[in-house]
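The values are calculated or read from the model by the stated rules, or taken from the named source; none is laboratory data. This is a predicted model, so every value here is computed, not measured. Positions of Cβ are generated from backbone atoms using ideal geometry, with glycine treated the same way; all protein chains shown enter the neighbour counts. The accessibility values were calculated without ligands, DNA or RNA, using every heavy atom of the protein model including side chains. Shrake-Rupley method; radii C 1.70, N 1.55, O 1.52, S 1.80 Å.
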Amino acid sequence: PVIEKEVDDEDATVEVGQVLTYTITGKVPSTKGYKANTYKYIVTDTMTDGLTYNADVTVTIDGAEATNGVTKTTKGNGFEISINMDDYQDKIDAAVVITYTATVNDAAIQRNVETNTAKLVYSNDPASDSTGEGTTTVDVYSFNIVIDKYQKDSEATKLENAKFVLKNADGKYYKYD
């Protein structure tokens, strides 16, 4: 099995306070050959310092909310989802969709990139307890802006204590702390 991850931010540039929706997508695997209730399908996701997990994860299988055989555990600034795939063998290859939100926090200002990685641990041998794993990552970017106000036609003559404001195309002002 493999998983893919996406974030709803079109250009992947973010601001402090922005809420991002993450979607992790996989498929229901066949558990044929495994003893009942022994197949592992565990997805973990931990936010980086610049993201705060909003503890609102949902799981759908084949478009319907999945609660049977689904265990959700908050772990630090993230979560672990364990799904008993024996409960979904009538939906082999159907989409498993995990959705949650995270808020960009002040720590994102200190770094240019927030890399969010999800990991899938799954059973890979019916004759043993061995597992395989796969990861998927999504990056979002916040940038530190260096602004110098200088005398017209003289970049070498910087203006001390100059005051001005910056705003984006949506008319929102940027704030510097």
Which members of region 54-95 meet the condition of being touching a helix residue (DSSP H, G or I) at 6+ places or on another chain (Cβ under 8 Å) and among the hydrophobic types (A, V, I, L, M, F, W, C)?
61, 66, 94
Return yes when residue 170 is part of a strand (DSSP E or B) and acidic (Asp, Glu) and no when it is not.
no
Starting from residues that are open to solvent by less than 80 Å² (accessible area, probe 1.4 Å) and within 37 Å of the chain's Cα centre (by Cα), keep the ones in region 138-177 and report whichever is modelled with the highest pLDDT.
138
Show me the strands (runs of 3 or more DSSP E) found entirely inside region 2-94 where at least 1 residues are over 29 Å from residue 172 (Cα atoms) and without any contact (Cβ under 8 Å) to a residue 12 or more places away in the chain.
70-74
Looking at the structure I just gave you, is residue 108 open to solvent by less than 60 Å² (accessible area, probe 1.4 Å) and touching a residue at least 60 places away in the same chain (Cβ under 8 Å)?
yes
Failed condition for residue 120, given (1) under 14 Å from residue 26 (Cα atoms); (2) among the aliphatic types (A, V, I, L, M); (3) open to solvent by 20 Å² or more (accessible area, probe 1.4 Å), with all others met?
(3)
Go through (1) buried (at least 17 other Cβ atoms within 10 Å of the Cβ); (2) within 23 Å of residue 16 (Cα to Cα); (3) among the small types (Gly, Ala, Ser) for residue 76 and report which single condition fails.
(1)
